[in-house]
1. Consider segment 108-142. How many of its residues are assigned to a helix (DSSP H, G or I), farther than 20 Å from Val23 by Cβ and not polar (S, T, N, Q)?
2. Are any residues in segment 65-79 open to solvent by 50 Å² or more (accessible area, probe 1.4 Å) and among the polar types (S, T, N, Q), and if so, which ones?
3. Of the conditions (1) modelled with pLDDT under 90; (2) of a type in the set (Ser, Thr, Tyr); (3) touching a Pro at 6+ places or on another chain (Cβ under 9 Å), Tyr90 satisfies every one except a single condition; which number is it?
4. Do you know which of the residues in segment 80-121 that are without any contact (Cβ under 8 Å) to a residue 40 or more places away in the chain and closer than 21 Å to Arg172 by Cα is least open to solvent (accessible area, probe 1.4 Å)?
5. When only residues in segment 43-64 that are in contact with a Cys (Cβ under 9 Å, 6 or more places away or on another chain) and over 23 Å from Ala32 (Cβ atoms) count, which is surrounded by the most Cβ atoms within 10 Å (Cβ to Cβ)?
6. Please find, within segment 132-175, the residue that is nearest to Val31 (Cα to Cα) out of those that are open to solvent by 80 Å² or more (accessible area, probe 1.4 Å) and free of Cβ contacts under 8 Å to residues at least 12 places away in the same chain.
7. Restricting the search to segment 143-169, which residues are in contact with an Asp or Glu (Cβ under 9 Å, 6 or more places away or on another chain) and farther than 14 Å from Ser16 by Cα?
Amino acid sequence: MGVALAGCACALTKESFIPFSVVLTLAWWFVADRDGNRTRMQKHLLQGAVWILSGWVLSIVTMIGLQWTITGAFVNPLRFGLALHLGHGYFGHFATSLRDRNLWYIFLWLLPTAIPNLKSLPKSWLIPVGATCAMAFVLDVYYGGAPGTVGRALFSIAGPMLSLSSALFLLRVVG
């Protein structure tokens with residue numbers, strides 16, 4: 001219940017939370033540990049799916065309510081998302097985002113110490129974060145974001161995990 005309510009608060013702060021949370025939670029649900037007692041695990045997976053779906057629905061309903069409050073009319077979430085399409089030259093924009101110095105400034109200091117230890121982190125963390133990072137690039141290309149936009153989004157998504165991996169690596173080197 002708490003995760004679903006947190007989704008409402010997050011949807012109020014940033015519209016991009018909704019597609020990011022959908023990708024993250026869906027990827028997590030698919031890679032969640034499925035070993036062990038199959039009957040018990042199926043029950044947990046079903047409960048997880050119910051909470052994940054309820055979080056998605058509550059986030060979307062929150063966004064609809066916010067749009068209604070602002071505009072005084074129902075704004076279809078699909079139309080809202082389609083109206084954000086400003087991108088063109090998708091591959092060129094993607095290449096520009098990859099070459100953006102802001103992206104490299106953000107990650108250049110962190111990646112050398114984070115990458116060696118990433119394999120020690122659970123796949124149920126790595127795969128959802130990787131999928132959500134891919135979604136950040138998709139949304140950036142779709143929206144035609146300004147330089148630096150994708151770097152900030154990627155750091156918000158992957159920064160905590162990369163920082164943890166880096167800290168574990170440095171502890172191993174020092175200790």
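The values are calculated or read from the model by the stated rules, or taken from the named source; none is laboratory data. On a predicted model such as this, the values are computed, not experimentally measured, just so you know. Heads up, the Cβs are rebuilt from the backbone with ideal geometry, glycines too, and the neighbour counts pull from every protein chain shown. For accessibility, only protein heavy atoms count, side chains too; no ligands or nucleic acids. Shrake-Rupley method; radii C 1.70, N 1.55, O 1.52, S 1.80 Å.
1. 7
2. If the condition is that a residue be open to solvent by 50 Å² or more (accessible area, probe 1.4 Å) and among the polar types (S, T, N, Q), then Thr69, Thr71, Asn76 are the ones that fit.
3. Of (1) modelled with pLDDT under 90; (2) of a type in the set (Ser, Thr, Tyr); (3) touching a Pro at 6+ places or on another chain (Cβ under 9 Å), only one is false for Tyr90: (3).
4. Looking at residues that are without any contact (Cβ under 8 Å) to a residue 40 or more places away in the chain and closer than 21 Å to Arg172 by Cα, I get Pro112.
5. Looking at residues that are in contact with a Cys (Cβ under 9 Å, 6 or more places away or on another chain) and over 23 Å from Ala32 (Cβ atoms), I get Thr62.
6. Restricting to residues being open to solvent by 80 Å² or more (accessible area, probe 1.4 Å) and free of Cβ contacts under 8 Å to residues at least 12 places away in the same chain, the top hit is Pro160.
7. Result: Pro147, Gly148, Gly151.
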